[in-house]
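Enquirer: Submitted below is the structure of interest, expressed as structure tokens.
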Amino acid sequence: MVAQTEYTYTLLFEPVEEGGYVVTCPALPGLVTEGDTLEEAREMAKDAIRGYLESLRKDGLPIPHDVSIRLQPVKETIRVSLQPV
């Protein structure tokens, strides 16, 4: 029997107005999932990460290491204007 390799990643859980959470993983660009509850969001994230890593392995690409988030993220609003066409 072959031993499984475990990976640990930092996740960001963002509550959404309609309920639930959107989950991203800074170490895995493009990985986004969601769940109606925090527990469901965690399970969806595990499945999404597993699929992401399996895809990398299938394509012969390296498995990224976790990205340490040492500081609190900054939340701000930015206004952008477009010229009329």
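Enquirer: Calculate, for the chain, the solvent-accessible area per residue in square angstrom, rolling a 1.4 angstrom probe over the heavy atoms of the protein chains.
Expert: Solvent-accessible surface per residue comes out at 90 Å².
Enquirer: Given q = 0.12, 0.14, 0.22 Å⁻¹, what are the Debye log10 I(q)/I(0) values for segment 24-85, with equal point scatterers placed on the Cα positions and solvent ignored?
Expert: So the normalised log intensities work out to -0.49, -0.61, -0.98.
Enquirer: Same structure, new question: ILE63: accessible area at probe 1.4 Å, nearest 10 Å²?
Expert: 40 Å²
Enquirer: Also: As an exercise, identify the chymotrypsin sites (Phe, Trp or Tyr not before Pro) in segment 1-84 lying in DSSP coil whose Cβ has no more than 14 other Cβ atoms within 10 Å.
Expert: Passing sites in segment 1-84 are TYR7.
Enquirer: Shifting gears a bit: In what sequence, largest accessible area first, do MET1, MET44 appear using a 1.4 Å probe?
Expert: MET1, MET44
Enquirer: How big is the charge dipole of the chain about its Cα centre, in debye rounded to the nearest 20, if each Lys and Arg gets +1 on its Cβ and each Asp and Glu gets -1 on its Cβ?
Expert: It comes to approximately 440 debye.
The values are calculated or read from the model by the stated rules, or taken from the named source; none is laboratory data. Everything numeric in this text was worked out from a predicted model, so none of it was measured. Every residue, glycine among them, receives a Cβ derived from its backbone with ideal geometry; neighbour counts consider all protein chains shown. Side chains are part of the model used for accessible areas, which takes the heavy atoms of the whole protein and leaves out ligands, DNA and RNA. Shrake-Rupley method; radii C 1.70, N 1.55, O 1.52, S 1.80 Å.
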